Amino acid sequence: MASTVVAPSAFCAIALHAAIPICHSCPTLPLVEAAIGVLAEQTIVGWYTGSPQMDDITPSASALRMVESLETSNIIDPVLLIVQNRGLAACVNGTASPASELLQAIGKDNTMQWTKHLSLNIEDLNKATKATLEALQQKYRLDDFEDHLEGPATAPFPDKELAKLVSKMRG
């Protein structure tokens, strides 16, 4: 992920510099807790998700449970990022999309429901789009924590190739 800035409120903003994939199936709390334990040096500020359906932009019940479980004394206002498949498809087809068409950032509203749309900005969107296209063209395999647990030692966690891709996005 390129540097992405999410503003949970008018008084604060969160700069995200990496998004680390945890699982490709329905997440379970023990799996997520184990991954968080491995990522102890990272500051976790939220959860990201995407639907397998092209037009589905609604967060799943499991994504809502996961972001809710991140709310602790260390993470007061976790953020839920939802990948927008139509915007991602436009990027793949070479049409640049604004950040709001690629990712949707959601926080809790005044009634403590996950419905508050947050301000979002992706720094150097063109560079991020170019690196994403390159990864797709090279048929880059993205391994998550679940792959690491299930597969051979060829699926390190966090994914070193992903780290190289993120570095390329940052410039």
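We did not get these values from a lab; they are worked out from the coordinates using the rules stated. In this text the structure is predicted, and so the values were computed from the model without any measurement.
Some observations on this one:
- Partners for Lys139 among aspartates and glutamates (Cα-Cα distance below 13 Å; same-chain residues under 8 apart left out): Glu161
- Amide H contacts under 5 Å for Gly46, placed H, 5+ residues apart: Val79
- Our estimate of slack between Ala61 and Thr49, defined as 0.36 nm per intervening residue step minus the Cα-Cα distance, is 3.2 nm.
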